[in-house]
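The values are calculated or read from the model by the stated rules, or taken from the named source; none is laboratory data. All figures in this text were calculated on a predicted structure; none of them were measured in a lab. Here Cβ is always computed from backbone atoms with ideal geometry, including for glycine, and neighbour counts include all displayed protein chains.
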Amino acid sequence: MQTFDLAARGLRELNQTLHSLRGGQTNETVWEIVNTRGSHAIAVGVDAPLDITVRGTTGYYCAGMNKQASIRITGSAGPGVAENMMSGTVIVEGDASQYAGATGRGGLLVIKGNASSRCGISMKGIDIVVHGSIGHMSAFMAQSGSLVVLGDAGDALGDSLYEAKLYVRGKVKSLGADCIEKEMRPEHYEALEELLRRGEATGKAKPEEFRRYGSARKLYNFNIDNAAAY
């Protein structure tokens, strides 16, 4: 394991070091980052199959644009964790602040605590599993991917939703525009069971305890009866 002391060596050197491993021509694949002290932009833009443990709490945009790497944050994460993630896995052992996983295009984000407002905003293929609850306007304009919430959801869940799949075990305070509850069919139970397994939530919840939400498809499809409004 390679240990990087962020307080001693600084953020620029950390990210430059991790970026230099792009291409997979290294045996230095296991990393530990210590003395984070809430720093911003830790392990941003990693593009290599690395196993990274961030010991402590982080600031803005930790693991942003992640590609291939498995990144585990042992504390809580500030705004925008795993923002625009492409692939790989990001696991937050604590809570996550607002817009976790925003615009994510792939990979898996797991939050073992609660997530704040706008979790999964404009998600474009990422899968997000939250063991706790999420705040208002989560999955706003979410296009594809899945959001699984073992706890409750705040106001305006799935507002202006496209084709992302939302699964909530607890209470939903309100649904956003064009978001409706949908039937849970066998393929959804199967997909949800796999998401719970990948999200380290097996044993904490059963697929049959969830409700599914999705788009009513009235906002983004042209309707000739409303032509005068366009």
(request) Among the numbered conditions (1) touching a residue at least 60 places away in the same chain (Cβ under 8 Å); (2) farther than 23 Å from Tyr167 by Cβ; (3) among the basic types (Lys, Arg), tell me where Lys67 comes up short. (result) (1)
(message) I'm told Arg9 meets every condition in (1) surrounded by fewer than 21 Cβ atoms within 10 Å (Cβ to Cβ); (2) in contact (Cβ under 8 Å) with a residue 12 or more places away in the chain; (3) out of contact with any Phe, Trp or Tyr (no Cβ under 9 Å at 6 or more places or on another chain) except one. Can you identify the failing condition by its number?
(response) (2)
(message) So Ser117 passes all but one of these: (1) among the hydroxyl-bearing types (Ser, Thr, Tyr); (2) modelled with pLDDT of 95 or more; (3) outside the structural domain of Val172 (by TED's automatic domain parsing); (4) surrounded by fewer than 20 Cβ atoms within 10 Å (Cβ to Cβ). Which condition number does it fail?
(response) (3)
(request) Return a yes/no flag: does region 151-160 have any residue that is closer than 19 Å to Ala102 by Cα, surrounded by 19 or more Cβ atoms within 10 Å (Cβ to Cβ) and of a type in the set (Ser, Thr, Tyr). (result) no
(request) Consider Gly38 carefully, then state whether it is assigned to a loop (DSSP other than H, G, I, E, B), free of Cβ contacts under 8 Å to residues at least 60 places away in the same chain and surrounded by fewer than 16 Cβ atoms within 10 Å (Cβ to Cβ). (result) yes
(message) For region 155-230, give me every one of the strands (runs of 3 or more DSSP E) that falls completely inside it and has 2 or more residues that are under 22 Å from the mean Cα position of the chain (by Cα), among the basic types (Lys, Arg) and in the same structural domain as Gln143 (by TED's automatic domain parsing).
(response) 211-215
(request) Taking the options Ile52, Ile33, name whichever one is more than 16 Å from Met86 (Cβ to Cβ), touching a Lys or Arg at 6+ places or on another chain (Cβ under 9 Å) and of a type outside the set (Gly, Ala, Ser). (result) Ile33
(message) Show me the strands (runs of 3 or more DSSP E) entirely contained within region 88-150 in which 1 or more residues are under 15 Å from Ile71 (Cα atoms).
(response) 89-92, 108-111, 124-130
(message) Suppose we keep only residues that are in contact with a strand residue (DSSP E or B) (Cβ under 6 Å, 6 or more places away or on another chain) and more than 17 Å from Ser116 (Cβ to Cβ) within region 70-87. Which one would you say is surrounded by the most Cβ atoms within 10 Å (Cβ to Cβ)?
(response) Met85
(request) Quick one: which residue in Gly75, Gly10, Gly45, Gly59 is at pLDDT 95 or above and more than 24 Å from Asp95 (Cα to Cα)? (result) Gly10
(request) Consider Asp51 carefully, then state whether it is of a type in the set (D, E, K, R) and surrounded by fewer than 19 Cβ atoms within 10 Å (Cβ to Cβ). (result) yes
